[in-house]
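Read-outs throughout are calculated quantities, based only on the coordinates presented, and are distinct from any laboratory measurement. The model shown is predicted, which means the values in this text are computed figures rather than measured ones. Neighbour counts are summed over all protein chains in view; Cβ atoms, including those assigned to glycine, are modelled from backbone coordinates with ideal geometry.
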Amino acid sequence: MPFPHDTYRFWSVKEVLSALEGVQKKFNGSASGGKKVSLADLIVLAGCAAVEKAGGVRVPFTPGRTDASQEQTDAKSFEHLEPHADGFRNYGKSTERVRTEQFLIDRAHLLNLSAPEMTVLVGGLRALNANWDGSSHGVLTKRPGQLTNDFFINLLDQGTEWKSAGQNQFEVFEGTARNGGEKKWTATRTDLIFGSHPELRATAEVYAMADSNEKFVKDFVAAWHKVMNLDRFDLNKHGQSYNKLESRL
């Protein structure tokens, strides 16, 4: 498997899936009228509920996903789809040919995201403390788990100086106070690209403004909703089900 520390990933995912499978079993066993909920829908719904709790905001959700059985899945072929990097979860590192931040751009392109959408998603996921391995790299906030624009505020803080932490050939950096040298944060190349790349920095500066938290939360929810509905060919561009629209005609 290409994931390092795979034991952590396995157990963290297993714990969540076990809880959701319990919810699915309880709902499917008690709902009237033969109603059933798929595990795929529950995974997305759980994520939406977490964002709602973290941001105090409504997050749209459209059901309709289905589950594939083990018999319908060619597990061997899926091994080739294992990601080597995912900057949104702060996973992966540079290779001889591709830098870590370039992997992020590639991932965003696959998700059909614009530069502002990519920026707001990364900033929000860092604030939510959603790194794949539970590390604090890029979690530039004193209140992790809350959907805030703290990532951008602290990333662009002129009182912080960023230097290589000496790990993994400039993959991890330490942010220290310019006055006194106190260690404040750690971040990866993926995180710091939003302060060094001109276009991304311009977007980051918008979200770092004192009065931008409401806009940040709104934009994060919109980008989140877009990603959750990617490849939902049964929905229109507004995330509405074609079946529901037809039933109104």
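From the square roots a ≥ b ≥ c of the eigenvalues of the alpha-carbon gyration tensor of the range 82-136, which class results: rounded (a/c under 1.5), prolate (a/b over b/c), or oblate? Working shown, then result.
On the way: a/c = 2.00, a/b = 1.10, b/c = 1.82.
It comes out oblate by the Cα gyration axes.
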Any chance you could give the angle, 0 to 90 degrees and rounded to 10, that helix 39-55 forms with the longest Cα principal axis of the chain?
-> 50 degrees
Non-local residues with an amide H under 5 Å from the amide H of ALA165, with H modelled 1.01 Å from N and Pro and chain starts lacking one, are VAL172, PHE173, GLU174
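In the range 35-115, which chymotrypsin sites (Phe, Trp or Tyr not before Pro) fall in coil by DSSP and have 16 or fewer other Cβ atoms within 10 Å?
Numbers: sites: PHE61, PHE78, PHE88, TYR91, PHE103; in loops: PHE61.
Passing both the DSSP loop test and the Cβ count: PHE61.
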Tell me which residues come under 5 Å, amide H to amide H, from ASP234 once H is placed; ignore anything under 5 positions away on its chain.
-> none
Among SER212, SER135, SER77, determine the one that fluctuates most according to a GNM of the chain built with springs between C-alpha atoms less than 10 Å apart.
-> SER77
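Taking Cα pairs under 8 Å and at least six residues apart, what relative contact order does the chain come out at, in percent? Working shown, then result.
Working: 292 pairs, mean separation 40.1, N = 249.
Rounded, it is 16 percent for the chain.
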Residue-ordered couplings for the range 198-209, obtained by feeding phi - 60° into the Karplus form 6.51 cos²θ - 1.76 cosθ + 1.60 and rounding to whole Hz (Gly and Pro as x), are x, 5, 5, 5, 4, 5, 4, 5, 4, 6, 7, 5
State, to one decimal in nm, how far the label point of MET209 lies from the label point of LEU39, with both points 7 Å from Cα in the Cβ direction.
-> 4.5 nm
Distance in nm between pseudo-label sites at HIS109 and THR95 (7 Å out along the Cβ direction from Cα) | 1.4 nm
Karplus-derived HN-Hα couplings along the range 68-77 (A = 6.51, B = -1.76, C = 1.60, θ = phi - 60°), whole Hz, x at Gly and Pro | 9, 6, 4, 5, 8, 10, 8, 4, 5, 5
Scan around GLY92 for amide H atoms under 5 Å from its own, H built in the peptide plane at 1.01 Å from N, and keep only partners 5 or more places away or cross-chain.
-> ASP86
With +1 on the Cβ of every Lys and Arg and -1 on the Cβ of every Asp and Glu, the dipole magnitude of the chain about its Cα centre, in debye rounded to the nearest 20, is 600 debye
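May I ask you to compute the full-extension gain from GLN72 to ASP234, defined as 0.36 nm times their residue separation minus their alpha-carbon distance, rounded to one decimal in nm?
In short, 56.2 nm is gained.
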